[in-house]
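What follows is a set of notes on a single structure, which appears directly below.
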Amino acid sequence: MPPDRPPAGAARESACSKILWRLTPVLFLSYVFCSMDRFNIAFAQLQLREALHFSDAAYGLGASLFFVTYVICEIPANLVLRRWGARRTFCSIMLGWGVCSAAMLFVRTPGQFYAGRLLLGALEAGYYPGVIYFLSTWLPLDRRSKAIAIFASGIVVAGVVVGPLSGWILSALDGHGGLAGWQWIFLLEGLPSCVMGLACFVFLCDRPGEAKWLTREELGALEAAHAQDRAVTRMKLGGETAGSLLREPKVYLFGLVFFCATSGIYALNFWVPTIIRSYGVDNVLRIGLYSVVPWGSAAIATVLIARHSDRTGERRWHFAATAFAGAAGLALSTIPHLPLVAALLLLSVGAVGVSATLPVFWTLPGAFIAPSLVAGGLAFVNSIGVTSGIVSPYVLGLLKQATGSLTPGLYFLAVVLCGGGLVLLAIVPAPARLARAAALADAPRAEPGAAVAERR
């Protein structure tokens, strides 16, 4: 090798580092604003329900309806991403959801509230699964979890930001300019997404070959790494057609696992302010400040757990153990008469559990789905899983309305999280089993006869 050319390993590491620091900050910030637009009703409803006379069930239904159109539009949006490219697709949908979120300030009736949430879900549908697919086309498998964790932590960082910001807006801007505090929340937290849409168009590249900041050696190292990843497992789900993927039971089980993992994070994002209020905190600004504790803990832990999973190459137990710990935290946080510090600590453990599972999870479906079907397959798994956004906030609202307490709802989330961990352990083989399966799959290649080799 010529002395002026870096070794393949060094070129691979250099390429991954450049991708991590050039692409993920833009995607992360965009997801922060996306999550703020999606979940700021958790704080707006502290005033909105009283001002517009909405019941707990009406609020829970409105929170859930977002995911109806989100699920319906998700796969088409990912197919559009493959045709249009990330820059144009992400820019278009961010401009749309930013305007829609800001326009929620005009809501006056439950019907208008439901319509706004349905439209917002349709506009945001392509972003999260699109980014997961986008990162999978750039980064090799052993560097993917950390990048997804940085991106996915946007949802918990949004929880950190939206709490004190929304609390301040509700208390400081209520009545200014003829708008209530909840209306200012929608306006001020919606428009920044439009700015991030333009930033995506400027700073992102659709594929590695278009990145002028990658050298020829780095591009070659990335291509070799992706080729090696495709040979890691022989358990490819699906073949050449979408129908073959739909006939794979494990695809639906992956969707079920993601449903369990996301049930907690969607429910908590909508109900954390109410949970903290149940601890005896009445001031909206203090509620916003206290919400920083669980979401700040989750943001840090999500990246650390994903980084450890990448470094060790272990995925199953990083997911399952985190889910079990999160379930325990949510269940124990319901103990009556806990000191506020203890309650927030246990709620933080629950928030870590529901958020840190996500980046670890997304390293698995992409590795198991046939390469030609990854874009649609990831969107399909995600569309199954995010139906939890329809179910869990609404179930919590119904349980709270029926019992007057969020305790039964938190028990429900704990059981769901444990179920997700157990299902993943059942469907994803341990590394030793994967190695044996790969050895058995390779064994026929050693048989004599060119015809056998050709068929293989």
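What follows draws every value from the coordinates through simple rules; no lab data is involved. Predicted model only: the values in this text are computed from it and were never measured. Cβ placement follows ideal geometry from the backbone for every residue including glycine, while neighbour counts extend to all protein chains displayed.
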Under 15 Å by backbone N from the virtual spin label 7 Å along Cα-to-Cβ at residue 51, the residues of the stretch 179-194 are 179-190
Expected unfolding gain across residue 82-residue 337 under the 0.36 nm per residue rule, minus the alpha-carbon gap, is 86.5 nm
Interchain or sequence-distant (5+) residues whose placed amide H lies within less than 5 Å of the amide H of residue 369 are 237
Contact order relative to length for the chain, counting C-alpha pairs under 8 Å separated by 6 or more residues, stands in percent at 25 percent
Nearest-0.05 FRET efficiency for residue 108 and residue 191 at R0 = 22 Å, using Cβ-Cβ distance, is 0.60
Rounded to the nearest 500, the 222 nm mean residue ellipticity computed for the chain from DSSP H runs (n ≥ 4, each -39500 (n - 2.57)) alone is -25500 deg cm²/dmol
Along the stretch 166-181, Karplus-curve 3J(HN,Hα) (6.51, -1.76, 1.60; θ = phi - 60°) to the nearest Hz, with x for Gly and Pro, reads 5, x, 5, 4, 4, 8, 9, 10, 4, x, 6, x, x, 10, 6, x
In whole Hz, the Karplus estimates of ³J(HN,Hα) for the stretch 383-394 (6.51, -1.76, 1.60; θ = phi - 60°; x where Gly or Pro) are 5, 5, x, 6, 4, 4, x, 7, 7, 5, x, 5
Length gained, residue 198-residue 411, 0.36 nm per residue minus C-alpha separation, equals 72.5 nm
Highest mean packing first, using Cβ neighbours within 10 angstrom, the peptides 334-343, 361-370, 249-258, 273-282 sort as 361-370, 249-258, 273-282, 334-343
For the residue 285, residue 219 Cβ pair and Förster radius 45 Å, calculated FRET efficiency rounded to 0.05 is 0.35
With R₀ set to 35 angstrom, the calculated FRET efficiency between the beta-carbons of residue 137 and residue 422, to the nearest 0.05, is 0.65
Here, residue 21 and residue 174, labelled 7 Å along Cα→Cβ, have an inter-label distance in nm of 4.6 nm
Taking the chain, the equivalent ellipsoid from its C-alpha gyration tensor has semi-axes in Å, biggest first, of 39, 25, 20
Binned at 5 Å from zero, the C-alpha pair distances of the stretch 88-157 give percents of 3, 15, 19, 18, 17, 12, 8, 5, 3, 1
Karplus ³J(HN,Hα) for the stretch 255-267 (6.51 cos²θ - 1.76 cosθ + 1.60, θ = phi - 60°; Hz, whole; x = Gly/Pro) runs x, 5, 4, 5, 4, 5, 5, 7, 4, x, 5, 5, 5
